[in-house]
Amino acid sequence: MPTADLLIRAMSPTDLDAVVAVHQHAFKGFFLTRMGPAFLRGYYQTIIDFDGSIALVASPADDPSNIVGFAVGFHDPHRFYALFGQRRRRLLPSMALAALRDPGLIVQILRNVRRVGAQQEQLHPGVVELSSIGVAGPGGGVGGQLVEAFASVAAASGARQIMLTTDRDDNEAVRAFYERRGFTLDGFEDRGERWLCRYVRALGERPSGE
Ligand SMILES: CC(C)(COP(=O)(O)OP(=O)(O)OC[C@H]1O[C@@H](n2cnc3c(N)ncnc32)[C@H](O)[C@@H]1OP(=O)(O)O)[C@@H](O)C(=O)NCCC(=O)NCCS
């Protein structure tokens, strides 16, 4: 698909099924995917409802319901995870089903419930977290355009920097993808079961006097 024909717009509730499908495809075997489509739907619904999120979808310009990628992130991840934690009760049936289907998930569910409930690290004002990007067909330029659209929306909403974390190990292609798009390595985070790289990208200078 020629990338010039891409339309990038805000995610809406009618996109949820398609976003879940792209997520399942892009993040095969990851924790959220293993939690199943109902849980994923609840997660993305919370992102849409949260007032501090940036949630974008990409589609062919002439076929806006055909979602081929998404990018989501938060001005204040701390507040987002507090909201998601409050909604956990609604997601209990899907969590129970996931645990029955895939008992290996139970340890990860407990670890994530503890992490969501714990005090999340607060970002500095002006920093936006790019939480995830996924595309249906890699290598077509959709991911790169989503990064740039995310940066534009973040800058327009007053952010000065984007930060993101991604796996440190066995993840060269994704790390190179971000590095070629202006992200620089800012440190490492130990998440117990895996190490993450933290990347940052500055978002242009703010006009003087601000
Ligand atoms: C990472 C990801 C979002 C990139 O999206 P994308 O649409 O493939 O990105 P682009 O096409 O703009 O860029 C991919 C780069 O890899 C190259 N590439 C070529 N073939 C490729 C392939 N089969 N798969 C991935 N990249 C390929 C592209 O040419 C491009 O090179 P460049 O950086 O020099 O421009 C996408 O691969 C994806 O969804 N991965 C799975 C989910 C994930 O890991 N997300 C990131 C962590 S949140």
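The values are calculated or read from the model by the stated rules, or taken from the named source; none is laboratory data. Computed from a prediction, not measured in an experiment: that's the story for all the values here. As a convention, Cβ positions derive from the backbone with ideal geometry for all residues, glycine included, and neighbour counts pool all protein chains shown. Surface areas here come from the heavy atoms of the whole protein model, side chains and all, with no ligands, DNA or RNA. Shrake-Rupley method; radii C 1.70, N 1.55, O 1.52, S 1.80 Å.
Give the shape of segment 51-141 as rounded, prolate or oblate, defined through the alpha-carbon gyration tensor: a ≥ b ≥ c are the square roots of its eigenvalues, a/c under 1.5 means rounded, and otherwise the shape is prolate if a/b is larger than b/c and oblate if not.
Oblate.
Compute, for Thr165, the solvent-accessible surface of its heavy atoms (probe 1.4 Å) with the complete set of protein chains present, and express it in square angstrom to the nearest 10.
40
Quick check: Cα centre of segment 16-69 to Cα centre of segment 169-193, how many Å?
22
Express in nm, to one decimal, how much length is gained between Asp63 and Arg89 on full extension, taking 0.36 nm for each residue of separation and deducting their alpha carbon distance.
Once the chain is fully extended between Asp63 and Arg89, it gains 5.8 nm.
Can you give the helix-only mean residue ellipticity at 222 nm for the chain, where every DSSP H stretch with n ≥ 4 adds -39500 (n - 2.57) and the sum goes over all residues, rounded to the nearest 500 deg cm²/dmol?
Computed mean residue ellipticity for the chain: -12500 deg cm²/dmol.
With every protein chain kept in place and ligands, DNA and RNA left out, what is the accessible area per residue of the chain? Probe 1.4 Å, answer in Å².
Result: 52 Å² of accessible area for each residue.
Using a 1.4 Å probe, how large is the accessible area of Asp186, given in Å² and rounded to the nearest 10?
Roll a 1.4 Å probe over it and Asp186 shows about 80 Å².
Report the gain in length on full extension from Arg79 to Asn112: 0.36 nm times residue separation, minus Cα-Cα distance, nm rounded to one decimal.
10.3 nm
Given a Förster distance of 35 angstrom, what is the FRET efficiency for Glu148 paired with Leu100, based on the Cβ-Cβ distance and rounded to 0.05?
0.25
Cα gyration tensor of segment 5-49, axes a ≥ b ≥ c as square roots of the eigenvalues: rounded (a/c below 1.5), prolate (a/b > b/c) or oblate?
Oblate shape, in that a/c is at least 1.5 and b/c is the bigger or equal ratio.
Would you please name the trypsin sites (Lys or Arg not before Pro) within segment 1-81 that are DSSP coil residues with at most 14 other C-beta atoms within 10 Å of their C-beta?
Lys28
Which is the longest run of the chain containing none of the chymotrypsin sites (Phe, Trp or Tyr not before Pro) found in DSSP loop states (not H, G, I, E, B) with at most 15 other C-beta atoms within 10 Å?
31-210
Which value, to two decimals, describes the C-alpha radius of gyration of the chain once divided by 2.2 N^0.38 Å?
Dividing the Cα radius of gyration by 2.2 N^0.38 Å gives 1.01.
What's the extension gain from Arg198 to Asp49 if we count 0.36 nm per residue and subtract their Cα-Cα distance?
Fully extending the segment from Arg198 to Asp49 adds 51.0 nm.
Work through the residues other than Val142 whose Cβ is under 14 Å from its Cβ and net out their charges, Lys, Arg +1 and Asp, Glu -1.
Computed value for this residue: -1.
What accessible surface, in Å², does a 1.4 Å probe find on Glu129, ignoring ligands, DNA and RNA and rounding to the nearest 10?
Here the accessible area works out near 30 Å².
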